[in-house]
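The values are calculated or read from the model by the stated rules, or taken from the named source; none is laboratory data. Since this is a predicted model, take the numbers as computed values, not measurements. Counting neighbours? That spans all protein chains shown, and the Cβs are built from the backbone with ideal geometry, glycine included.
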Amino acid sequence: MPGVLVRMPDMLNRCYNFGFTQSSFTQRDGFLKPTRARNPMHPWIADRTNAFDSSGIRKVFDLAAKLKDPINLSIGQPDFDVPDEIKSATIEAIQSGKNAYSPTQGIGPLREAIASEVKELYSHADRDVFVSSGTSGGLMLAMLAMINPGDEVIYLDPYFVMYPALVKMCGGVPVPVDSYPDFRLDPAKIEAAITSKTKMILVNSPANPTGVTATEDELKAVAKIAADRNIALVSDEIYSRFFYDGKFSSPAAFNEQTIVIDGFSKSHAMTGWRVGYVHGPSAIINTMLKIQQYSFVCSPQPAQWGALRAMEVNLDGHIADYARKRDLIVDGLSDKFEIAKPGGAFYVFPKSPIASGAKFVEKAIEKGLLIIPGNIFSHRDTHFRISFAAPDETLHRGIELLRKMV
Ligand SMILES: Cc1ncc(COP(=O)(O)O)c(C=O)c1O
């Protein structure tokens, strides 16, 4: 509110709702005048953006930019390209004029194809589907649709970097639950973190940055806790296809109210195309759509036609290849580093051999190896993230260098 005069007293309550406190204002002549110091970077910057920053990851990329030919094990996307048939379907969509806005909820054929897959998995009476602007778009809409200022959101630490930022952007309170050293989803720890303010539990299996997968029993127990306590359960399933040992399971199988967020970015290497999808109870989906209508509008239409084609593409070869790369990196490092073997995604999260993970990563970067410090994903600075979505030759070079650093 800097720079505007607002009338008392009804505005007071509205301002407090958005996270302002009484000391943010002084009353003058029946008007409220903001007293809060303006943002030192620029006076127009909103207070809500002060609660989180992106300097950690920027620092790594700044260091990386100085490297000539880095051994790059930092990338959070597959090292294979978008399959040709998906590219062709998208080009064909563009050339045949499918370039306008799509319906907010996505093009009919894609939405129907996802809905029928979802129906086959879960025959829930009340489960609706829409196409989002990537999984990130779905996550943001989920927060905006469900989190009121002061609401608490529980998730495991280490976590995907976006989670605390999105919660804070909505005025919510992040409640990270420490999952070191094995990074398991422990239902007892989740239950212990619940308070009267808990609004949401956010699960992510397979997980970024650890690659750890939750067992069916763990997910079932968390699903039951959420249902019993009337807490929203959101499941980020972006890595569901990258599941190496056994079969992927979702908490939606055990809790009909689960909001599932998934997408095509990782599975089909379409990170730049921005196609994700969300399914869950229709009242929640309709609310998320209402916000999508006034923000993202829709996922890019040509990319949605590509995603429709992507649903027919067999990924077995890529998944088998990534399981092999997982073994290559785990076998290559586990006698020297403490590693929780990942069951999915394309990350490992080893413990740093020196006290600070960030210091270790700085040394690795000086030697030409690009990895990510664990403190970007965690309150602890003891680990580092390796992405094994890289050519075998790069993995071998990375393993060799890391082994020399211990
Ligand atoms: C756990 C997790 N969720 C969501 C996303 C975002 O995916 P998208 O490209 O679909 O927005 C990522 C990307 O790294 C991720 O790791």
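Data table
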read-out: When residues of region 185-217 are limited to those that are away from the ligand (no atom under 16 Å from the Cβ), in a loop (DSSP other than H, G, I, E, B) and of a type in the set (G, A, S), the one nearest to K266 (Cα to Cα); value: A193
read-out: Selection status of I154, hydrophobic (A, V, I, L, M, F, W, C), at negative phi and part of a strand (DSSP E or B); value: yes
read-out: Region 127-147, residues that are within 14 Å of the ligand (Cβ to nearest atom), in contact with a Ser or Thr (Cβ under 6 Å, 6 or more places away or on another chain) and in a strand (DSSP E or B); value: V131
read-out: Number of the exception - Y159 against (1) away from the ligand (no atom under 12 Å from the Cβ); (2) in a loop (DSSP other than H, G, I, E, B); (3) closer than 18 Å to A207 by Cβ; value: (1)
read-out: Count of residues meeting criterion [more than 16 Å from the ligand (Cβ to nearest atom) and either surrounded by 20 or more Cβ atoms within 10 Å (Cβ to Cβ) or not aliphatic (A, V, I, L, M) (or both)] in region 114-126; value: 9
read-out: Residue check for I319: within 20 Å of the chain's Cα centre (by Cα) and either more than 16 Å from the ligand (Cβ to nearest atom) or crowded, with 18+ Cβ neighbours inside 10 Å (or both); value: no
read-out: Flag for E366 being exposed (fewer than 15 other Cβ atoms within 10 Å of the Cβ) and modelled with pLDDT under 95; value: yes
read-out: Hits in region 218-242 - residues which are within 16 Å of the ligand (Cβ to nearest atom) and surrounded by fewer than 17 Cβ atoms within 10 Å (Cβ to Cβ); value: none
read-out: Test set (1) within 16 Å of the ligand (Cβ to nearest atom); (2) in contact with a Phe, Trp or Tyr (Cβ under 6 Å, 6 or more places away or on another chain) - K168 fails condition number; value: (1)
read-out: Meets criteria (assigned by TED's automatic domain parsing to the domain that holds G276, assigned to a loop (DSSP other than H, G, I, E, B), away from the ligand (no atom under 16 Å from the Cβ) and surrounded by fewer than 23 Cβ atoms within 10 Å (Cβ to Cβ)) for D245; value: yes
read-out: Test: residue in region 267-282 that is more than 14 Å from the ligand (Cβ to nearest atom), over 18 Å from the mean Cα position of the chain (by Cα) and free of Cβ contacts under 8 Å to residues at least 60 places away in the same chain; value: no
read-out: Total residues in region 315-343, condition farther than 10 Å from Y244 by Cα and among the aromatic types (F, W, Y); value: 1
read-out: Counted residues, region 248-266 - those being among the small types (G, A, S), within 11 Å of the ligand (Cβ to nearest atom) and in a loop (DSSP other than H, G, I, E, B); value: 1
